[in-house]
1. Just to be sure I understand: if I project the alpha-carbon convex hull of the range 101-183 onto a plane and average over all orientations, what area do I get in nm²?
2. Apply the Debye scattering formula to the range 143-288, with a single equal point scatterer on each alpha-carbon and no solvent, then give log10 I(q)/I(0) at q = 0.12 Å⁻¹.
3. Tell me, what are the semi-axes, in whole angstrom and largest first, of the equivalent ellipsoid of the range 75-138 as set by the roots of 5 times the Cα gyration tensor eigenvalues?
4. Working out 0.36 nm times the residue gap between ARG144 and GLU200, then minus their Cα-Cα distance, what length gain in nm do you get to one decimal?
5. Run the quick spin-label model on ASP77 and GLU259: label points 7 Å from Cα toward the beta carbon, then report their separation in nm to one decimal.
6. Residue by residue through the range 166-175, which ³J(HN,Hα) values in whole Hz follow from phi under the Karplus form 6.51 cos²θ - 1.76 cosθ + 1.60 (θ = phi - 60°), with glycine and proline marked x?
7. Once label points are set 7 Å from the Cα along Cα→Cβ at both ARG181 and ALA267, what is their separation, rounded to one decimal in nm?
8. Taking amide H positions as placed in the peptide plane 1.01 Å from N, state which residues far from VAL127 in sequence (5 or more) or on other chains have amide H under 5 Å from it.
Amino acid sequence: MQRLGLRRALFRLRNRAVDGIGTRPAAAHDEDKMSRSSKVETAGKAGTAQPRRDPAAPARAAKSAKGAPRAKPSQTDAALDLMRSKIIDLTLEPGSRIDEPLLIKEFKLGRTPAREAINRLVAEGLVNIVPNRGGTYVRGLDFREIGEVVAAQQLAESILAQLCRFEDPTLVVDLEAIQDRYIREVEQRTYLGITSVNEEFHLRMHRSIGNSFFFEFAQSTHRHVRRLLVLIYKMEEAEQNVLDDQFEMNLDEHRQIIEAIRKRDRARLKDLLPAHARQAQQRLLRLLSGKAIGPLSLDLRPLDLTDRT
């Protein structure tokens, strides 16, 4: 019995000791809980807090981007630009063969950039693959081809006259800036530069429509128009005064187009753009008629084949 009473006493003492060590008053426990919750909440806020915005940051970023040097074009892009220019300015003549060895030898291109440049020129329609002739050739520029280019140009510009969006806020400003560069190219008489800026002038209007399919059609058409215009310019060089007058007419027509857009004069634009596109056709007809041979009046006498010996 004494042993049993002793065990019970020891058991009670042990429980009291454990309770004294492992438990705290309720108030202290609640205070500690609130403190831990506050710390967690503060830490959470610190982790998700957004940095204070700097109003000048976007302007500085834009300025930095503007002043940053442009990325150097890849060798393939450089090769493509070079070959396209050579085709448009007729250095590579219509119908001439174009292949990898030529590009590697004449234009110092690597094999891969040369192959990729040819493939992209095929996609642009400036180069054709001719299986039965075993190679790729610069697209021809015969009468049939010229007729198709002229028809496509007149279609593109006629639709442009109807769909050009006068609401485009920067259209007039952009066209005026392009026109200034066009004037400088005309003064220098660089055919490649003239046709490049002229293409940019027209495609800026096409871009205002907002139809990617139609824009791609217009872009493809104007690439071929550039080559046709270079051909016309070279044919007109024999009559320098005619060429000078034609450039002045082009400049004036561009100014009228810009003014019609500024005034939002749809009827006027419908007259100007198709007429402007017909210039190429009219110039070709004039050049061809000038090369024609007039009626001949021959005074033929019968041959005297009598032997006079």
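1. Projected area, direction-averaged: 9.3 nm².
2. -0.46
3. 16, 13, 11
4. Net length gain for the segment: 17.6 nm.
5. 3.9 nm
6. 5, 6, 4, x, 10, 4, 4, 4, 5, 5
7. That separation, rounded to one decimal, is 3.5 nm.
8. Residues meeting the criterion, in which the H sits 1.01 Å from N, are VAL122, ARG139.
Since every read-out is calculated from the coordinates, none of them should be taken as a lab result. The structure presented is a predicted model; accordingly, all values stated were derived computationally and were not measured. Neighbour counts run over all protein chains shown; Cβ positions are idealised from the backbone, glycine included.
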